[in-house]
Amino acid sequence: MKQFLEPLGITLTDEQLHQYQTYYQFLVSENKKYNLTAITEEKEVYYKHFYDSVSLIKTDLIKENISLCDIGAGAGFPSIPLKIAFPSIKIYIVESQTKKTNFLNALKDKLNLKDVTIVNERAEIFAATHLNHFDIVTARAVAPLNILDELCIPFVKKGGHFIAMKSSLLENELDKAKYGIITLGGQINKVIPINLPYDMGERKLLIVEKINLVKGYPRSYAIIKKKPL
């Protein structure tokens with residue numbers, strides 16, 4: 001899997017390659033304990049998880065020293081693969097499942113990552129102290145977009161961005177989420193299609209810019225789920 005990120009224009013150091021290999025090995029070894037992923041074959045992990053995560057650079061928003069919050073990261077996607085490729089990024093991971101934060105803390109130590117904060121909390125509770133706080137907020141395979149927008153956009157600082165990582169069926173979700181995105185102070189900028197190498201799948205990145213500060217969100221998860229915006 002040497003230089004598997006070259007199609008994204010990224011040349012990795014030996015240390016970074018070693019970190020990805022360590023990540024893969026630890027993910028597979030701990031998977032049965034934590035139920036982290038259904039994908040365990042090495043090439044698929046590298047492209048469907050690692051490459052897919054780092055494809056956020058296609059947005060041109062991944063810069064040196066930015067702050068990025070990953071909501072519901074699970075096994076660390078997309079934030080940890082991004083952190084390996086771009087060590088200066090300051091990462092916050094918000095994950096409500098304790099067993100997964102246990103895995104993430106162990107992974108952080110194993111990879112010797114700095115400026116990575118792992119929070120075992122529900123997003124809407126964490127928001128109470130981190131509204132309008134981050135340059136980028138992202139999430140992957142967490143919830144439908146009309147629920148995800150309220151769990152993410154309130155964290156974004158004005159002028160920052162929410163990036164939703166979705167399947168090729170994004171348009172179906174976007175129709176239901178447009179009103180909520182606007183209500184939360186967002187403006188849809190563009191959708192970027194991503195084709196994974198070796199025909200491993202199609203993805204779409206939705207970029208939403210935070211143009212207005214809006215109070216009163218996020219609501220409790222029960223209300224968000226029952227009455228999406």
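The values are calculated or read from the model by the stated rules, or taken from the named source; none is laboratory data. It should be emphasised that the depicted structure is a prediction, and the values quoted were computed from it without experimental measurement. When we count neighbours, we look across all protein chains shown, and the Cβ atoms used for this are built from the backbone with ideal geometry, even at glycine.
Considering only residues of region 168-207 that are in a helix (DSSP H, G or I) and of a type in the set (A, V, I, L, M), which is modelled with the lowest pLDDT? Across region 168-207, the extreme among qualifying residues is L170. Out of all the residues in region 10-27, which are in contact (Cβ under 8 Å) with a residue 24 or more places away in the chain, surrounded by fewer than 16 Cβ atoms within 10 Å (Cβ to Cβ) and in a loop (DSSP other than H, G, I, E, B)? The one that is in contact (Cβ under 8 Å) with a residue 24 or more places away in the chain, surrounded by fewer than 16 Cβ atoms within 10 Å (Cβ to Cβ) and in a loop (DSSP other than H, G, I, E, B): I10. Taken together, the residues in region 36-53 that are surrounded by fewer than 16 Cβ atoms within 10 Å (Cβ to Cβ) and touching a residue at least 12 places away in the same chain (Cβ under 8 Å) amount to 3. Would you confirm whether or not region 137-146 contains a residue that is in a strand (DSSP E or B), in contact with a Cys (Cβ under 7 Å, 6 or more places away or on another chain) and either closer than 16 Å to S53 by Cβ or in contact (Cβ under 8 Å) with a residue 60 or more places away in the chain (or both)? Yes: region 137-146 contains one or more residues that are in a strand (DSSP E or B), in contact with a Cys (Cβ under 7 Å, 6 or more places away or on another chain) and either closer than 16 Å to S53 by Cβ or in contact (Cβ under 8 Å) with a residue 60 or more places away in the chain (or both). Counting the residues of region 28-50 that are of a type outside the set (A, V, I, L, M) and either in a loop (DSSP other than H, G, I, E, B) or within 20 Å of the chain's Cα centre (by Cα) (or both) gives 12. Is one or more of the residues making up region 88-97 within 23 Å of C152 (Cα to Cα), buried (at least 16 other Cβ atoms within 10 Å of the Cβ), at pLDDT below 95 and touching an Asp or Glu at 6+ places or on another chain (Cβ under 7 Å)? The answer is yes, given that some residue of region 88-97 is within 23 Å of C152 (Cα to Cα), buried (at least 16 other Cβ atoms within 10 Å of the Cβ), at pLDDT below 95 and touching an Asp or Glu at 6+ places or on another chain (Cβ under 7 Å). Look at F77 and say whether it is hydrophobic (A, V, I, L, M, F, W, C), in contact with a His (Cβ under 9 Å, 6 or more places away or on another chain) and under 20 Å from N31 (Cβ atoms). Here the answer is yes, as F77 does meet what is asked. Filter region 122-161 down to residues that are in contact with a Ser or Thr (Cβ under 7 Å, 6 or more places away or on another chain) and at pLDDT 95 or above and give me whichever is nearest to K204 (Cα to Cα). Once the filter is applied, the top-ranked residue is D135.
Within region 124-148, the residues that satisfy the criterion of being surrounded by 17 or more Cβ atoms within 10 Å (Cβ to Cβ), closer than 19 Å to I224 by Cα and under 13 Å from the mean Cα position of the chain (by Cα) are V137, T138, A139, R140, V142, A143, L148. Residues that are out of contact with any Ser or Thr (no Cβ under 8 Å at 6 or more places or on another chain) and either of a type outside the set (K, R) or part of a loop (DSSP other than H, G, I, E, B) (or both) within region 218-229 comprise P218, R219, S220, Y221, A222, I223, I224, K227, P228, listed in sequence order.
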